[in-house]
Amino acid sequence: MTEKFAATSYEFTPCADARNWIGGQWVLADGCEMIDVENPRHGQVMAHVPLSGAAEVAAAVEAAAAAQPAWAAEPMRDRAQVLYKLRELMHRDLEELSWLVSHENGKVYAEAKGSVLKAIECAEFGCSLPNLAAGQQLDVSRGVNCQVVHEPVGVVAGVTPFNFPIMVPLWMLPQALVGGNAFIMKPSEQVPLSVQRLAALLEEAGLPAGVFNVVNGGRAAVEALCDHEGIDAMAFVGSTRVAKQVYARGSQTGKRMLCLGGAKNHLIVVPDADYELTTQNVLDSFTGCAGQRCMAASVMVGVGDVDRIVSGIAEKAGALKVGDQMGPITSAAAVERITGYIDQAEQMGAKILVDGRGQRATDGGYWVGVTVIDGVTADMPASCEEIFGPVLSIVRADTLDEAIRIENESEYGNASSIYTTSGDVAREVMARVSAGMCGVNVGVPVPREPFGFGGWNDSLFGHGNITGWDGFRFWTRPRKITSKWAVQKDQTWMS
Ligand code: NAD
């Protein structure tokens, strides 16, 4: 598990099987079913991963509970030193980690590297926490002082999706670890390998055994985490269907829960939008990571006559080929789901301007090319369900009000953007869309650190954002201390 991943190109490269990392030991999950981890570019098995259950979760909770008090007793500045070191190590191994992400997830190398760099930025936020977390204090009356101290929650857990194997784990870890918790990570069983390297790097960075643990698996492992009374807080990132279930199940044991779900992001384009910026930006938004990101554009709402912009997007989209420019889809089942939505929209009368069905870059992998569908209407599933592939559904609206209404009707609320050169239009749309992360001429409006990441509506269950300061608040409890001092008796060198 500690050996480095050898790939330096897209050439198929096998990897050591995933193991659980419990109490500072790599553990073979005896008796657990092992399933394949596939490289989606080649459709070949690059490793195996165990499907853990309640016993493995219980062992991880025991190890975490044993390690947490000593970790919490370290000053926050010392805990943050591990994050400084992790940042250094991630930069040292940037190329290796990027190829690993690319191989297990399918992203092209540049995208994989971008995701590792973003993960490093999250680690940097963790480094800054001791400077941000100095508590408030005030003399609330004569001789009486109130103070806020951020205490850890205890043993906490995180469950992550397949689409960002190292970045999403880093949305959770810095704040949780610097906050003094012991962590149990359950990565997606489709991409468990990057978290294996992360565990090794955290150990090298000096994190004490048991403070970070990895339990591999799928549904059974997640349900065991939800049900375990010894876990005090849990974050989840994945699809809305599962986020809702996990939120409800984990809450039953009194855990603090934050569950981020799926998305259907709307980009509203008005006729005065800048042609070059808009056509390129919309294309990048729905094709980046082959559309498999929760911030991807999914629906473009064209207001009035935007035919020139639609043609420009279609022209650029037609020129973008799978392979080096855009990576594969995660699995055969996902290819079937995505092409199913395209087939259905076509059958219901939509016009396929660019057709990615049948495109492939390798014989064995899972591919869908860039697809643009015009004339999508509200009754078509392509207008309202999450497709999670490189597909842009274009819906037409006569007025800005109608466009905003279409956006507001979505059950999701992750992201929404406006393309315009008018400040008035931008302000109007930013005030009225129903989404947590909004963009003006930005197709992937991810709030970078220190701003918090999180959507609204069915894109997030719980309260607050997962990154930034909200993340620290989620993984810590404020202790309010009120003190009354009659006389200051002790003399110290600071007196
Ligand atoms: P998923 O919901 O299938 O899986 C996510 C995690 O849940 C995995 O670790 C998986 O093992 C586990 N899981 C799967 N089924 C489960 C079940 N029935 N009960 C309990 N646990 C279960 O999601 P995915 O396919 O890995 O990822 C893609 C989804 O994640 C998309 O919907 C995407 O929009 C969403 N996503 C959201 C965000 C966000 O910030 N809102 C970020 C990334 C991805």
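Structure notes:
- Condition met for Met34 (assigned by TED's automatic domain parsing to the domain that holds Leu170, in contact with a Cys (Cβ under 9 Å, 6 or more places away or on another chain) and on the phi < 0 side of the Ramachandran plot): no
- Just so you know, in region 445-487 the residues that are in a loop (DSSP other than H, G, I, E, B) and more than 16 Å from the ligand (Cβ to nearest atom) include one that is modelled with the highest pLDDT, and it is Trp475.
- Subset of region 136-189 that is of a type in the set (Gly, Ala, Ser) and within 16 Å of the ligand (Cβ to nearest atom) - its residue that is nearest to Gly238 (Cα to Cα): Ser188
- Counting the residues of region 19-51 that are in contact with a helix residue (DSSP H, G or I) (Cβ under 9 Å, 6 or more places away or on another chain) and not in a loop (DSSP other than H, G, I, E, B) gives 13.
- The set of residues from region 126-142 being buried (at least 16 other Cβ atoms within 10 Å of the Cβ) and either out of contact with any helix residue (DSSP H, G or I) (no Cβ under 6 Å at 6 or more places or on another chain) or of a type in the set (S, T, N, Q) (or both) comprises just one member, Ala133.
- Top-ranked residue in region 90-110 [being of a type in the set (A, V, I, L, M, F, W, C) and over 23 Å from Leu320 (Cβ atoms); ranked as surrounded by the fewest Cβ atoms within 10 Å (Cβ to Cβ)]: Leu94
- Boolean, Ala200 is more than 8 Å from the ligand (Cβ to nearest atom), surrounded by fewer than 23 Cβ atoms within 10 Å (Cβ to Cβ) and not basic (Lys, Arg): yes
- Ala60 modelled with pLDDT of 95 or more, buried (at least 22 other Cβ atoms within 10 Å of the Cβ) and not in a helix (DSSP H, G or I): no
- Test: residue in region 44-55 that is surrounded by 23 or more Cβ atoms within 10 Å (Cβ to Cβ) and farther than 23 Å from Gln292 by Cα: yes
- Residues located in region 330-356, provided they are under 15 Å from Ala317 (Cα atoms) and out of contact with any Asp or Glu (no Cβ under 8 Å at 6 or more places or on another chain): Val354, Asp355, Gly356
- Evaluation of Asn213 against (1) under 20 Å from the mean Cα position of the chain (by Cα); (2) within 20 Å of Cys259 (Cβ to Cβ); (3) more than 7 Å from the ligand (Cβ to nearest atom) (one fails), failing number: (2)
- Meets criteria (within 23 Å of Gly454 (Cβ to Cβ) and within 30 Å of the chain's Cα centre (by Cα)) for Tyr412: yes
- Evaluated against (1) away from the ligand (no atom under 15 Å from the Cβ); (2) of a type in the set (S, T, N, Q); (3) surrounded by 14 or more Cβ atoms within 10 Å (Cβ to Cβ); (4) assigned to a strand (DSSP E or B), Asn408 falls short on exactly one condition, (4).
- Any hit, region 251-272, residues being surrounded by fewer than 21 Cβ atoms within 10 Å (Cβ to Cβ), within 10 Å of the ligand (Cβ to nearest atom) and outside the structural domain of Val425 (by TED's automatic domain parsing): no
- Residue that is surrounded by 20 or more Cβ atoms within 10 Å (Cβ to Cβ) and over 29 Å from Ala157 (Cβ atoms), where the choices are Gly468, Gly443, Gly454, Gly413: Gly443
- Check on Ala243, assigned by TED's automatic domain parsing to the domain that holds Gly114 and within 10 Å of the ligand (Cβ to nearest atom): yes
- Against the conditions (1) away from the ligand (no atom under 16 Å from the Cβ); (2) under 17 Å from the mean Cα position of the chain (by Cα); (3) under 23 Å from Ala290 (Cβ atoms), Val442 satisfies every one except (2).
- Taking each residue of region 121-145 that is within 23 Å of Ser483 (Cβ to Cβ) and in contact (Cβ under 8 Å) with a residue 60 or more places away in the chain and looking for partners that are part of a strand (DSSP E or B) and among the basic types (Lys, Arg) with beta-carbon atoms closer than 7 Å, six or more apart or interchain, yields Gly143/Lys484; Val144/Lys484.
- Selection from region 417-439 of residues that are within 16 Å of the ligand (Cβ to nearest atom) and more than 24 Å from Lys118 (Cβ to Cβ): Ser434
- Residue check for Ile329: crowded, with 16+ Cβ neighbours inside 10 Å, outside any helix (DSSP H, G or I) and in contact (Cβ under 8 Å) with a residue 12 or more places away in the chain: yes
The values are calculated or read from the model by the stated rules, or taken from the named source; none is laboratory data. What you are looking at is a predicted structure, and each value in this text was computed from that prediction instead of being measured. Quick reminder, even Gly has a Cβ in these numbers, built from the backbone with ideal geometry, and neighbours come from all protein chains shown.
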